[in-house]
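For reference, the structure is listed below as structure tokens.
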Amino acid sequence: MKNQKNIEELKKELEYTREKLMEQFYVDYLSSLPNLYKLRSDLEQNDNFTLIVLNIDNFKILNDFYGFIVGDFILESVASKLKSFFQDVPVYRVASDEFAIVLDKSLNFYDLKSYLDELSKQLSHLEFLYAHTEIFVDATLASCSSTNNENIFSKVNMALKYAKEEGLKFWIYEDSMQTGDEYENNIKFAIKIRKALNNGGLTPYFQPIIDNNTGKIVRYEALSRLVDEKGIVHSPNTFIPAAKKIKVYDRVTKEVIDKTFETFEDTTLEFSINLSFEDIINPEIYKFIIDKLKISQIGPRVTFELLESEKVKDFKKVVRFFKEIKRFGVKVAIDDFGSGFSNFSYMTKLSPDFIKIDGSLIHDLDTNKNAQIVVETIVDFAKKLGIKTVAEYVHSSTVLSAVTNMGIDYSQGFYIDKPQPQINLV
């Protein structure tokens, strides 16, 4: 009888312990809110709800600036604010700087839009006081107005990502949105990129650049391409975004540089390779380039082209990089000049050997008077600084004639030749 009682007590203790462990499993230790596991469990038992996600804006910056103790204070304060605001609505902490709110009914798009609009006003510019320091916090909201709740987390995350990228206070995912295509495309190319890195499918294609005075090829530009298992050739616009997401972009850059150097090493030809600002500030790629130049000793035949120069955040780093590689005789160029927010100060700050005039200005140069005025200004300014000019995307004989007559030094484009996997050594 006594043994039976002990067994029953032991069972009760085990059940109590199990319940306590489950409570801990479902609770976020910092905010004391239910966590992501609890949210998933609750939603599995509910078919009629609206999921709203709140993400603290620039939390990493706040955390880095004030320190993790204040960062935790901000998270606890936001959690407390949400608990007091949504007294009868479940609130969850689902990630470091992310919370979820679950309404007990499904709202249509217009009702949800009105609700989020009002909610974003209520939760904007939150002010918290820590040790006599005022800290202001803003947040971005996302939700889903869908005919079903399948893949609800993915849908809301897509909406949140879009709101963050566009600087919006909130965004609502609808079934009509094509945002999922981007995710599917990234997944597809993530697989292709990994396979290509392992089997040599990432390779440079080469496009000739001619001297407009002589019509002869003076150098080749190396352009990265992905050749998949079916032999289909993909341009960087399609696979580079995915490469950055899966954190192999540096491997892609090094692969293209390596193969380009190998191609031209035993020739006397000059060639150019594209680099982004992201490449230039990457210590690993920087070292890789310097080592390549030291070993190959073909620096005087190499030109590095800076892509997307309007995205440069620190000109000092670019200038230092340019100065270092120029010690090996390397030339530098600014690509896509005249596009976006490119301006003439780049030429004075970076002192390039070449500027490549963007194709948007060259495309209709033979007929577009405004483009002619802009290009004439660029060419005149470059000549005064002793910088050579290159016209990109030359696609017809009339454009080539216009380019030549305006005094542009070099040209490249489909009219001259398309990018090819081999170079013509004849």
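Among the residues of the range 334-345, those that are of a type outside the set (S, T, N, Q) and surrounded by fewer than 14 Cβ atoms within 10 Å (Cβ to Cβ) comprise 340, 341.
As a summary of the residue check, residue 47 satisfies the conditions (1) assigned to a helix (DSSP H, G or I); (2) charged (D, E, K, R); (3) out of contact with any Phe, Trp or Tyr (no Cβ under 7 Å at 6 or more places or on another chain) except for the one numbered (1). In the range 251-259, the count of residues that are within 30 Å of residue 406 (Cβ to Cβ) and not hydrophobic (A, V, I, L, M, F, W, C) is zero.
Show the residue pairs that are 6+ apart or on different chains and have beta-carbon atoms under 7 Å apart, the first residue being within the range 68-82 and under 16 Å from residue 58 (Cβ atoms), the second being part of a helix (DSSP H, G or I). Close Cβ pairs satisfying both conditions: 71/62; 71/63; 74/62. Count of the range 83-116 residues, restricted to those that are of a type outside the set (Asp, Glu), without any contact (Cβ under 8 Å) to a residue 12 or more places away in the chain and within 25 Å of residue 32 (Cα to Cα), is 2. Count of the range 209-240 residues, restricted to those that are within 27 Å of residue 396 (Cα to Cα) and not in a loop (DSSP other than H, G, I, E, B), is 17.
Note on the range 122-167: residues that are of a type outside the set (Gly, Ala, Ser) and either at positive phi or touching a His at 6+ places or on another chain (Cβ under 9 Å) (or both) amount to 6. Sub-7 Å Cβ pairs linking a first residue in the range 274-291 that is surrounded by fewer than 18 Cβ atoms within 10 Å (Cβ to Cβ) to a second residue that is basic (Lys, Arg) and not in a loop (DSSP other than H, G, I, E, B), at least 6 apart or interchain, are 281/317; 288/254, ordered by first then second residue.
If you go through the range 120-157 and keep only what is β-branched (Val, Ile, Thr), over 24 Å from the mean Cα position of the chain (by Cα) and within 17 Å of residue 82 (Cβ to Cβ), you end up with 135, 137. For the residues 64, 104, 88, 72, the requirement of being in contact with a Pro (Cβ under 9 Å, 6 or more places away or on another chain) and among the acidic types (Asp, Glu) singles out 104. Within the range 270-278, the presence of at least one residue that is farther than 25 Å from residue 411 by Cβ and of a type outside the set (Phe, Trp, Tyr) is confirmed. Checking each residue in the range 202-224 for being farther than 19 Å from residue 303 by Cα and in contact with a strand residue (DSSP E or B) (Cβ under 7 Å, 6 or more places away or on another chain) picks out only 202.
Is it the case that the range 55-73 has a residue that's under 23 Å from residue 25 (Cα atoms) and aliphatic (A, V, I, L, M)? There is no residue in the range 55-73 that is under 23 Å from residue 25 (Cα atoms) and aliphatic (A, V, I, L, M).
Of all residues in the range 138-167, those satisfying the criterion of being touching a Cys at 6+ places or on another chain (Cβ under 7 Å) and among the hydrophobic types (A, V, I, L, M, F, W, C) are 152, 156, 159. Taking the range 346-426 and the helices (runs of 4 or more DSSP H) fully enclosed by it, the elements with 3 or more residues that are surrounded by fewer than 20 Cβ atoms within 10 Å (Cβ to Cβ) and of a type in the set (A, V, I, L, M) are at 369-385.
Bear in mind that the values in this text are calculations on the coordinates, not laboratory data. These numbers come from a predicted model, not from an experiment. Every residue, glycine as well, gets a Cβ built from its backbone with ideal geometry; the counts of neighbours run over all protein chains shown.
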